[in-house]
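Derivation of every value follows stated rules applied to the coordinates shown; laboratory data play no part. This is a predicted model, so every value here is computed, not measured. All Cβ positions, glycine included, derive from the backbone under ideal geometry; neighbour counts span all protein chains shown.
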Amino acid sequence: MVVRSATLKRETRETGIEMTLEITGKSGKLTGTTGIGFFDHMLNSFCVHGGFEITLDVRGDLYVDAHHTVEDTGIVLGMLFGKILGEKKGIKRYGFGVVPMDEALAQAVADISGRPYLVFNCIQTASRTGDYDTQLTEEFMRALAFNMGATLHIKAEYGVNQHHITEAIYKAVARAVREATEQTGDDSVLSAKGVL
């Protein structure tokens, strides 16, 4: 399998992010830090279960809160997927992931269609886990979906421990994106229109 990769740098008044994404198809890892411990843990899980290598350097206005850092990391990651996948030729396009984490269960379905949309139907049992505001999971997923040009449906109907719920969500999304970005060996676009 050919390694697909791209690098992007994005500077705003709130964050400065430089990131490289490699879609390897093998167990991946995160190199670098966002400055938010639990979020780094989630991104690393996303890498491991998605087959992605992410190297990043993030400077965010964490003295305000983590919102801009988490959202902008999702924006840049989504833009990198969009850059790598281009016209979306030769990929499976659709992907599904379901992940249990002890008492919690999450599932995700992805369609890399060029039509960004997010459905996020996930319970929340705590407002924070570590230094991470759990509401930011939805913000990250929205930024990811809209900037990679994907329809993403995420569901976590039950669970007690918020760490487990959140981690199951990130892993399920990783598995769905991994499947959707898999190469088919066919250089066509999977669409009746012939283009996405």
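Return a yes/no flag: does the range 114-125 have any residue that is in contact with a Leu (Cβ under 6 Å, 6 or more places away or on another chain) and either among the aromatic types (Phe, Trp, Tyr) or surrounded by 20 or more Cβ atoms within 10 Å (Cβ to Cβ) (or both).
no
Return yes or no: is GLY60 over 23 Å from TYR117 (Cα atoms), buried (at least 17 other Cβ atoms within 10 Å of the Cβ) and either in contact (Cβ under 8 Å) with a residue 40 or more places away in the chain or out of contact with any strand residue (DSSP E or B) (no Cβ under 8 Å at 6 or more places or on another chain) (or both)?
yes
Is there any pair with a first residue in the range 88-106 that is touching a residue at least 24 places away in the same chain (Cβ under 8 Å) and a second that is aromatic (Phe, Trp, Tyr) whose Cβ atoms are under 8 Å apart and which are 6 or more apart or on different chains, and what are they?
Pairs found: GLU103/TYR158; ALA104/TYR158; LEU105/TYR158.
So which pairs qualify, if the first residue must be in the range 113-128 and within 20 Å of ALA143 (Cβ to Cβ), the second must be surrounded by fewer than 12 Cβ atoms within 10 Å (Cβ to Cβ) and aliphatic (A, V, I, L, M), the Cβ gap must be under 9 Å, and the two must be at least 6 apart or on different chains?
GLY114/VAL195
Would you be able to say whether some residue in the range 164-179 is surrounded by fewer than 17 Cβ atoms within 10 Å (Cβ to Cβ), touching a residue at least 24 places away in the same chain (Cβ under 8 Å) and over 21 Å from PHE38 (Cβ atoms)?
Within the range 164-179, none of the residues are surrounded by fewer than 17 Cβ atoms within 10 Å (Cβ to Cβ), touching a residue at least 24 places away in the same chain (Cβ under 8 Å) and over 21 Å from PHE38 (Cβ atoms).
Go through the range 89-113 and count every residue that is farther than 22 Å from VAL48 by Cβ and either surrounded by 20 or more Cβ atoms within 10 Å (Cβ to Cβ) or touching a Lys or Arg at 6+ places or on another chain (Cβ under 9 Å) (or both).
3
In this structure, is PHE146 surrounded by 21 or more Cβ atoms within 10 Å (Cβ to Cβ) and in a helix (DSSP H, G or I)?
no
Given the conditions (1) of a type in the set (Phe, Trp, Tyr); (2) closer than 21 Å to SER191 by Cβ; (3) not in a strand (DSSP E or B), which single one is not true for PHE140?
(2) is the only condition that PHE140 fails.
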